[in-house]
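Report on the structure given below.
Every read-out reported here was derived from the displayed coordinates using simple, explicitly stated rules and does not represent laboratory data. Given the structure is predicted, the values throughout are model-derived calculations rather than measurements. Note: ideal-geometry Cβ built from the backbone for every residue, glycine included; neighbour counts use all protein chains shown.
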Amino acid sequence: MATTHEAGESQKATGSHPSRRELGQHGEEEAARYLQLQGLTVIERNWRCREGEIDIVALDDIGDCLVIVEVKTRTSERFGRPVEAVTPVKARRLRVLAARWLADHPINTSRIRIDVIGMLYRPGALVEVEHLQDVA
C-alpha cells in the first residue's frame, strides 16, 4: 500500500545543502516521528549487525506486528522516487536482518512487516513522505 503525505509547515526544506549523512539522519528522525503519528511505537533505531543495518524497528500494536522500516531520503527525483531505491536484493537483505533482529530480541508478535518510507526534501517545499507497507 502506498500513501503520500506532506509534513507540517514547520517541516519545510531549507535552501541549504546538508551532507548526505545529515540528510539521511534527518530523514530517519522525521520518518520515526511520522510512524509515531500513525500509531506505531518505535522501539529501536539504527540497529546494526554483521549483515547490515535496520533504520527503524517499530511495533504496530493494532495489527500485533513487528515493523522493520527502511528509510530512503532524497532531495530530488532525478534518479527516481526515494522508495524506488529499495531493490529486490535490498528487500531480501531486510528479511535477513529482521530474522537476525528477532534472534537477538525475543519478542512475542504474530507477524513481521517490512516497510519503506521515502522522504523527499525539495528546497522551499513541504517535505513529501511516501510510505510503502509490506514490501517484502
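Structure notes:
- On inspection, Ile43 passes the criterion of being under 17 Å from Glu28 (Cβ atoms) and without any contact (Cβ under 8 Å) to a residue 40 or more places away in the chain.
One line per residue, one yes/no per condition, for (1) closer than 21 Å to Glu128 by Cβ; (2) among the polar types (S, T, N, Q):
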| site | (1), (2) |
| --- | --- |
| Glu29 | yes, no |
| Gln38 | yes, yes |
| Thr41 | no, yes |
| Gly52 | no, no |
| Ile68 | no, no |
| Arg78 | yes, no |
| Leu97 | no, no |
| Leu102 | no, no |
| Asn108 | no, yes |
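- Looking only at the stretch 20-38, and only at residues there that are small (Gly, Ala, Ser) and closer than 13 Å to Tyr121 by Cα, the one that is surrounded by the fewest Cβ atoms within 10 Å (Cβ to Cβ): Gly24
- Cβ-Cβ under 7 Å pairs, at least 6 apart or on other chains, the stretch 51-78 side over 13 Å from Gln36 (Cα atoms), far side surrounded by fewer than 13 Cβ atoms within 10 Å (Cβ to Cβ) and of a type in the set (A, V, I, L, M): Glu51/Val96; Leu66/Ile107
- Restricting the stretch 111-136 to residues that are closer than 22 Å to Ile43 by Cα and out of contact with any helix residue (DSSP H, G or I) (no Cβ under 7 Å at 6 or more places or on another chain), the residue that is surrounded by the fewest Cβ atoms within 10 Å (Cβ to Cβ) is Arg111.
- Residue in the stretch 102-120 that is over 15 Å from the mean Cα position of the chain (by Cα), touching a residue at least 60 places away in the same chain (Cβ under 8 Å) and more than 14 Å from Val57 (Cα to Cα) present: no
- Residues that are of a type in the set (A, V, I, L, M) and in contact with a Cys (Cβ under 8 Å, 6 or more places away or on another chain), drawn from the stretch 75-100: Leu97
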